[in-house]
1. For an R0 of 22 angstrom, estimate the FRET efficiency from the Cβ-Cβ distance between Ala149 and Ala107 and round to the nearest 0.05.
2. Calculate the length of the line joining the C-alpha centroid of segment 181-222 to that of segment 65-128, in whole Å.
3. Can you work out the Karplus-derived ³J(HN,Hα) for every residue in segment 91-106? Use 6.51 cos²θ - 1.76 cosθ + 1.60 with θ = phi - 60°, whole Hz, and x for glycine or proline.
4. Using a 1.4 Å probe and ignoring any ligands, DNA or RNA, find the accessible area of Asp29 and quote it in Å² to the nearest 10.
5. How far apart, in nm, are the 7 Å Cα→Cβ label points at Arg60 and Arg91?
6. Based on the Cα coordinates of segment 2-253, what is the per residue volume of their convex hull in Å³?
7. For the chain, which whole-number percentage of the solvent-accessible area (1.4 Å probe, protein heavy atoms only) is attributable to carbon and sulfur atoms?
8. Give the accessible area for Thr36 in Å² (nearest 10); use a 1.4 Å probe, count only protein heavy atoms, and leave out ligands, DNA and RNA.
Amino acid sequence: MEIVILSGGSSRAALAADAVEALVRSKPDAVLGLATGASPLPVYEELVRRHERGGLDFSRTRAFTLDEYVGLPAGHPESYREVIRRDFTSRVNISEANVLGPDGEAADVPAACRAFEDAISGAGGVDLQLLGLGTDGHIGFNEPGSSLASRTRIKTLLEQTRRDNARFFSSQAEVPHHVLTQGLGTVLESRHVILLAAGAQKAQAVRDLAEGPVAAICPASVLQLHPHVTLLLDEAAASSLRLADYYRHSYDGKPRWQGL
Ligand code: GLP
């Protein structure tokens, strides 16, 4: 796991965008894993900028979203399908047909989850997965207690997560209790994971993720088992890390040709 601590939000976004750009330029039909939440937004902004000004071409790119609320009607402004469309995919030239998320309106939830997993494997798997981090250590919507081998399935949200996400709705009562999410086992199969976290409210989860035991109480800690994970952190999110100085030293001395 590589841990990069940078105070400038735009420099973290630029690094993540560099990785996406290098991938898409070398493999135009690359498969991206897209996350919602505030953390990846600056990356999407930067990619939109590179698309508009630098001709970064997503016309053959495919994308899978991580998770979805159950029961929000299609087109609901806070359904993750809609959020990703608004924040990113409608602003670049990814074909809408190439963007797929778990179906939160499915009548047969297990069948929809299996179909989603099949679509990911049918596309050859995710090349680069962007992730945020919940304050309770969740990735996607894999709440504490999630099986480390889990696949796409229905989950119940912790009240803490519903409170955290209430800012996107007009009240907490509107935040659904149930969600569909790629499993931890699904995320582990992506070839490169870039997780972005900023702010002191993420510091404990970041420490548990990177330096704690691999344990379901911090679902993101499963990333310790992944061979290619990059954490892009601001100083506040990194403030509880025991080895922060070592991570800074390693990154400062890293040959830049290596990329992330
Ligand atoms: C939601 C999403 C997660 C995201 C998390 C953190 O719960 N399901 O994928 O990582 O929020 O969001 P933020 O980046 O806004 O802190």
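The values are calculated or read from the model by the stated rules, or taken from the named source; none is laboratory data. What you see is a predicted model, and the numbers here were worked out from it, not measured in a lab. Backbone-built Cβ (ideal geometry, glycine too); neighbour counts: all protein chains shown. Areas reflect the complete protein model, heavy atoms only, side chains present, ligands, DNA and RNA absent. Shrake-Rupley method; radii C 1.70, N 1.55, O 1.52, S 1.80 Å.
1. The pair Ala149/Ala107 has a calculated efficiency of 0.25.
2. Comparing the Cα centres of segment 181-222 and segment 65-128, I get a distance of 21 Å.
3. Once θ is set to phi - 60°, the couplings for segment 91-106 become 9, 10, 9, 6, 6, 4, 5, 8, 10, 10, x, x, 8, x, 10, 4 Hz.
4. Around 50 Å² of this residue is reachable by solvent.
5. 2.6
6. With only Cα atoms used, segment 2-253 gives 119 Å³ per residue.
7. The nonpolar share, carbon plus sulfur, comes to 53 percent.
8. 20
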